[in-house]
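The values are calculated or read from the model by the stated rules, or taken from the named source; none is laboratory data. All values reported here derive from a predicted model rather than from experimental measurement. Quick reminder, even Gly has a Cβ in these numbers, built from the backbone with ideal geometry, and neighbours come from all protein chains shown.
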Amino acid sequence: MGVTEIRPQPGPQEAYLASRAFFTLFGGARGGGKTFAADMDMHRHVGVPEYRGLVVRRLYPDMIQPGGVWKTMSKTARLIGGHVRASPAMELSWPNEATITFRNMQYDSDAERFRGSQFDRIHMEECDELTEEMFWALVETMRAGPSGIQPRIRGNLNPVTTRSHWIAKFVAPYLDEDDYPKPEMSGVVRYFKRSEANGIEWTTADDPLGMSFTFIPSKLTDNKALTSRDPQYQKNLMNLPRHKRERMLGGRWFQTLKPGRYTREMFRVIEAEPSRMRAMRYWDHAATEPTKQNPDPDWTAGMRGGVSDGTLVLSHLAYFREGPAKKRSRMRNIAEQDGDRIPIILEREPASGGKEQFYDYQTGVLRGFHVVADPATVARGQKMERAEKWLAWLEEGNVAVVRGEWNEQFFDWVEQIGNPKAKMDAIDAVSGLFAASTRGVGGGVVMSGSAGVSGAGSRGSTSRFSGGIA
């Protein structure tokens with residue numbers, strides 16, 4: 001089955017495919033149909049004998065995830081007579097020897113795998129994840145081959161958070177003073193060449209070294225198929241914290257979380273914990289005392305609270321920096337004060353040592369209480385992603401604190417969120433508490449319609465968490 005042209009539906013994707021730029025960036029917000037554009041552009045030449053295409057992404061698991069570029073393009077290839085091969089290397093092929101190859105580039109050294117290769121079309125999936133060295137290595141492979149197709153390189157992306165990112169240098173002329181894409185600049189072709197000092201420098205069309213570039217922004221509203229198939233997706237993006245919502249939904253570039261974004265004035269202060277709230281305490285625990293060598297170690301932080309009438313209520317924060325023995329004694333004392341009807345959730349490290357430590361707490365230090373494990377979130381970026389879920393509630397005025405001496409220290413930590421050196425222990429404790437109160441942790445049974453813990457009636461029983469938001 002031969003195919004000479006695949007035409008997408010009219011819209012931004014058509015303008016993208018019609019672009020004559022050597023290097024085209026497509027995107028600017030999440031959900032804007034970027035994978036669809038890649039799918040159409042890479043397949044439009046498969047009717048040409050010996051056409052060679054390459055799709056690149058940073059990580060292999062991201063390449064093959066559901067809804068990702070491999071799954072999407074494989075489906076299209078089958079519809080137009082292509083053969084799909086998943087191993088030993090992912091490739092789409094046709095009887096006329098047209099091929100589209102898929103590769104990941106996790107490290108700059110992976111560029112060596114492409115040395116000597118020739119491609120007519122290259123697509124960089126989520127190219128903001130690639131390095132500048134990877135980009136230029138791919139440019140080196142853009143050489144006209146037997147197909148006679150003029151080489152082009154495409155990329156899709158979401159807005160980056162820093163102006164020092166190599167992609168930002170390409171996109172900056174297409175943005176207004178508030179860092180939103182200028183509508184009148186969409187698809188405008190400019191010319192660039194490599195600069196050893198600055199990465200790129202802009203030049204003119206008559207420069208013998210000049211290569212053409214264009215940027216075509218998109219938004220979720222451009223992707224009619226997605227918005228009609230999954231209306232909930234837009235709601236998910238609307239519930240992100242403001243800085244991330246502006247970037248992922250509004251297409252605003254360079255939006256980062258900075259200290260002072262969240263302030264104490266954003267919290268509602270109440271006098272007592274709601275009587276009908278299913279309370280629990282979540283511990284993010286360290287075991288280090290301050291020393292001359294380490295005067296500012298991490299904190300052991302345990303936040304008590306829950307969700308009541310659509311509000312995350314933070315009832316009490318216990319925080320201290322003690323050695324192992326004193327720490328365990330204080331955690332036991334706080335459990336006694338909370339009472340045996342309050343479940344205790346412990347962050348548990350994934351290695352065997354973390355499992356042994358949890359067993360020690362469950363059967364020794366906190367014996368007789370409802371103790372549940374929550375797998376630890378190690379990377380700082382993952383911790384922030386977890387925190388963003390309750391910080392979005394904070395922005396909407398849906399987080400309350402019970403008045404207490406602990407408030408001031410907690411507010412100080414909240415106001416430092418976004419500082420790379422900020423202490424995140426209490427923030428992590430709130431994130432764990434929020435997850436347990438709304439979705440469940442520790443492998444519990446997820447049920448919709450309620451929040452918190454069910455079946456927490458007597459000491460020694462097993463706690464199961466129910467999901468949903470109260």
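Numbers for the structure displayed
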{"quantity": "Selected residue (criterion: nearest to Tyr107 (Cα to Cα)) from residues of segment 129-157 that are under 19 Å from the mean Cα position of the chain (by Cα) and crowded, with 20+ Cβ neighbours inside 10 Å", "calculated": "Leu130"}
{"quantity": "Every residue from segment 254-268 that is assigned to a loop (DSSP other than H, G, I, E, B) and over 22 Å from Glu177 (Cα atoms)", "calculated": "Pro259, Gly260, Tyr262, Thr263, Phe267"}
{"quantity": "Count of segment 95-113 residues which are among the polar types (S, T, N, Q) and either assigned to a loop (DSSP other than H, G, I, E, B) or over 22 Å from Gly68 (Cα atoms) (or both)", "calculated": "3"}
{"quantity": "Qualifying strands (runs of 3 or more DSSP E) (wholly inside segment 159-225; at least 1 residues being acidic (Asp, Glu))", "calculated": "199-203"}
{"quantity": "Sole exception among (1) crowded, with 21+ Cβ neighbours inside 10 Å; (2) within 25 Å of Asn398 (Cα to Cα) for Asp309, by number", "calculated": "(1)"}
{"quantity": "Condition check for Ser463: surrounded by 19 or more Cβ atoms within 10 Å (Cβ to Cβ), in contact with a strand residue (DSSP E or B) (Cβ under 7 Å, 6 or more places away or on another chain), over 23 Å from Pro241 (Cβ atoms) and modelled with pLDDT under 90", "calculated": "yes"}
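Residues checked against (1) farther than 17 Å from Arg57 by Cα; (2) modelled with pLDDT of 90 or more:
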| residue | (1), (2) |
| --- | --- |
| Met73 | no, yes |
| Ile80 | yes, yes |
| Ala86 | no, yes |
| Met90 | no, yes |
| Pro95 | yes, yes |
| Asp108 | no, no |
| Arg113 | no, no |
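For (1) over 26 Å from Ile270 (Cα atoms); (2) touching a residue at least 24 places away in the same chain (Cβ under 8 Å), each residue gets a yes or a no:
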| site | (1), (2) |
| --- | --- |
| Lys292 | yes, no |
| Pro297 | yes, yes |
| Ala301 | no, yes |
| His316 | no, yes |
| Phe320 | no, no |
| Arg367 | yes, no |
| Ala392 | no, yes |
| Glu395 | no, yes |
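Let's see how each residue does on (1) farther than 15 Å from Met40 by Cβ; (2) in contact with a Ser or Thr (Cβ under 6 Å, 6 or more places away or on another chain); (3) surrounded by 12 or more Cβ atoms within 10 Å (Cβ to Cβ):
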position: Ala77; (1), (2), (3): no, no, yes
position: Gly81; (1), (2), (3): yes, no, yes
position: Pro95; (1), (2), (3): yes, no, no
position: Thr101; (1), (2), (3): yes, no, yes
position: Ser109; (1), (2), (3): yes, no, no
position: Glu112; (1), (2), (3): yes, no, no
position: Arg115; (1), (2), (3): yes, no, no
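For (1) without any contact (Cβ under 8 Å) to a residue 12 or more places away in the chain; (2) over 21 Å from Gln106 (Cβ atoms), each residue gets a yes or a no:
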residue: His45; (1), (2): no, yes
residue: Val56; (1), (2): no, no
residue: Pro66; (1), (2): yes, no
residue: Gly82; (1), (2): no, yes
residue: Met90; (1), (2): no, no
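Residue by residue, here is whether (1) outside any loop (DSSP other than H, G, I, E, B); (2) aromatic (Phe, Trp, Tyr) holds:
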| position | (1), (2) |
| --- | --- |
| Gly397 | no, no |
| Val401 | yes, no |
| Phe410 | yes, yes |
| Val414 | yes, no |
| Asp428 | yes, no |
| Gly432 | yes, no |
| Ala436 | yes, no |
